[in-house]
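These notes concern the structure reproduced below.
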Amino acid sequence: MINKSKIWTIIQHEYLLKVKSKGFIIGTFLAPIGIVALIAFSASMMIMFKDTTERKLAIIDDTNMIGTMLAEVDTTKYYLSDETSKALKDKIIKQEIDGFVHIPSNIIEKGEVEVFSEGGGGIGFVSSLENNLSKIVRRERMKVMNADEEMIRLVESGVEVTTQKVTEEGTQHDNTQGMAYIGYILGFIIYFLVFLYGGLVSRAVVEEKANRIIEVIASSAKPFEIMLGKVVGIGMVGLSQIAVWIVLTSILVLSLGSIIGAFIEIDPNTLANGMSGQMAMQQAQDAKVAEIMSNVPQIDIGLIIGFIFFFITGYFIYASLFAAVGSAVDNEQDAGQLQMPLTIPIMIPIFMIQPIMENPDSTIASVASLFPFFTPILMIVRLASTQVPAWEIILAVLLQILTFVAALWVAGRIYRIGILMTGKKPKLTDLIKWIKM
Amino acid sequence: MNILELKNVVKYFGDYKATNNVSFSIKEGTVFGLLGPNGAGKSTIIRQITNIYMPDEGEITLFGEKVGPEHQNRMGYLPEERGLYKKVKVIDQLIYFAQLKGVTKSKAKEKAMQWLIKLNASDWADKKIEELSKGMQQKIQFISTILHDPEFLILDEPFSGFDPINVEILKSIVLDMKKLGKTIILSTHVMNQAEQLCDEIVLINKGEVILDGTIRDAKKRFGRDHLKLEFEGDDTWLDQIQNIEFINRTKQNAEIKLLNGEEQAQEILKTAIENVKIYKFNLVEPDLHEIFIRMVGGDKTYDELNAEHQEEQK
């Protein structure tokens, strides 16, 4: 029934129309440069602050071995303590120490330690502790284990640090984990792109209607074909933009190392550290670059697939509904009010990202992330920050596909009537009536 | 052979019958006038023919089949309200519309250039639509309607917005298309254009057909009751004459509608000879313009209609 060649013609037209525009070219090529410049700036700030900030961490050692080794790694940073954790928490609040590490007796097997701090310790501090501890624990594990295969597996499993934030009210989760931030960023990018491209679809529909182009097109193709072509065409612009961003950002990040290297070379702080000579400087530089790189958490392929999938479903669900709203109005001013029922469900998840990052496994988090209108933004946050059960992922994917089909159908019904309606400004109830017509 | 047939077509908008039991047919290779005042329901009928709307009742057959999306490629439609993408180049715009009608890209490009050259517009090919004047845009729109070489054309007010020279060019294109065997629906309010171009007409008012057939037939129905006079002298003699209505009146010219039939003309001629010097005395059929006004205006006089028209303009 649907004429594929017509849809394809419309897709190509919409795609080329947007891709050739100045706005797209500027947005696509300048944005990554801006982002990388921002990363570079904050990274260099991080290094500068790091050089001057020393954290004093107490160690409670249940193993009577690992803690001693850790203290030996950097005596300016770590010291062994025989106080109780309650006493140390008081010290943190009084700001006598920055925090303490609790090394449990089963660290060799479980590979988990807890850090208690006043909060906001920064990713760098956690990862340097993780590095230090990992090395020690790895060494100990190799000693304990003899079987080669098992040994390798254990060596690879590393050490996971769960940080605990100590406040007057007690101990709570501290979200210094890099992956949670990655989730936040990915969720926010989906929010931003769905809004941006959904808006573009709405505007393109209004433009066609306001300029009376629709009459000619409607005499050449079915309304559903026109709408689908438009939504897909603009969606492909979005995917192209994401692809260019990923490629450009990776290239820029890779070359970032040398940029920062050059920046450090002329940094007087490094010289003031007492080191001298080309070798020392080169060493310091390499170490810092390595540290920055180690601070960037590894994004696995599953997360990238999830990101692209949820961008596509989120985009299709909202963009087709945006097209329906656009079809109902005669100009963009009128569109705003009718878009409210769409903009609100896109915005609500933004306020939920923070709590979900902190408690990604809570019931509320899983229910909210399974609600189809929130899923694209919230599920990616959970996928990044925790191990989401497989059944939840499958359910989310199924619900997304169902919602996506339903949204296209509803939007198609509204669009079919809307594009030819002119004159009086329709209300939401009119749109609902059109679905049934 | 009839290329298009409408049988008892009804289209509702809510409770309102926008198309009320409309029937007419169009012969292949003719120019057909779809006439009527603003809001008569012409566009609604056109939208049903172009398969934008589906009729609620009745049937529309095109090329001998029930009209459907598969016929859209064989139609060319120039809507009354024109629309082009402002930021798109002329050539790309033309190619896109032709592609939507199933023409291949290369073929569309070739055809577009041919038409641009024919209409002295080849310099505009790489310009954006927004850089063109209104008249130029109209030309591009016209080309886009015929680029895919449709067998059946629907032109809604095709000449509005053109200067007289371009109107003549477009008229000759329409007549050329007719010679090539195309069938054309011409929808317009400008009755002298319809009179020049159309073989048959249908007059629509309030969603209904109120007149149907050849222009010849329509005129016959009204008889020769239309008198055109040119004279020299005092024009007050005209005031003595009873049972007439003035369609036009100046110091030396008068166009009169006879309310008592043809015979009245002889009496008027006598009175005229007694009073003024006569240059022209022409008893004619009403023109399409006059028929339009009489049919649509019902029993209202020309003056009343004119007054109403002026009122609307305000």
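Just a few scattered comments:
- With the convex hull drawn around the C-alpha atoms of region B:207-247, the volume per residue stands at 122 Å³.
- Neighbour-count order for B:Glu285, B:Glu267, fewest beta carbons within 10 angstrom listed first: B:Glu267, B:Glu285
- Here the relative contact order of chain B, from alpha carbon pairs under 8 Å that lie six or more residues apart, stands at 19 percent.
- Gain in span if fully extended, B:Asp287 to B:Asp199, counting 0.36 nm per residue against the direct Cα distance: 30.2 nm
- Take the Cβ atoms of A:Leu80 and A:Thr363, set R0 to 56 Å, and the FRET efficiency comes out at 0.85.
- Over chain B: helical MRE at 222 nm, DSSP H runs n ≥ 4 each giving -39500 (n - 2.57), nearest 500: -11000 deg cm²/dmol
- Relative to the current alpha-carbon distance between A:Glu118 and A:Gln387, full extension at 0.36 nm per residue lengthens the span by 94.2 nm.
- Annotation: amide H of A:Val113 within the under-5 Å range of A:Glu160, A:Thr162, sequence separation 5 or more or interchain, hydrogens built in the peptide plane.
- Those lysines that a straight Cα-Cα span of less than 17 Å connects to B:Lys251, excepting residues fewer than 8 apart in one chain: B:Lys228, B:Lys277, B:Lys280
- Extended-chain gain in nm, criterion 0.36 nm per residue less alpha-carbon gap, B:Asn38 and B:Lys228: 65.5 nm
- Residue pairs, from the table A:Lys4/A:Lys209; B:Lys101/B:Lys206; B:Lys66/B:Lys219; B:Lys87/B:Lys118; B:Lys139/B:Lys179, whose Cα atoms sit over 30 Å apart: B:Lys101/B:Lys206; B:Lys66/B:Lys219
- Shielding by other protein chains, B:99-105, mean Cβ within 10 Å: 5
- Pairwise FRET efficiency - A:Ile304 versus A:Leu402, Cβ, R0 = 30 Å, nearest 0.05: 0.80
- Crossing angle, helix B:134-146 versus chain B [Cα axis fit, 0-90 degrees, rounded to tens]: 70 degrees
- Residues A:Ser240, A:Ser81 in ascending order of nearby Cβ atoms (within 10 Å, fewest first): A:Ser240, A:Ser81.
- In region B:2-213, the ratio of gyration radius to Kirkwood radius, Rg to Rh, stands at 0.97 when only Cα atoms are counted.
Where a number appears in this text, it was derived from the coordinates with a stated rule and is not lab data. Here the structure is a predicted model, which is why all the values come from computation and not from measurement. Counting neighbours? That spans all protein chains shown, and the Cβs are built from the backbone with ideal geometry, glycine included.
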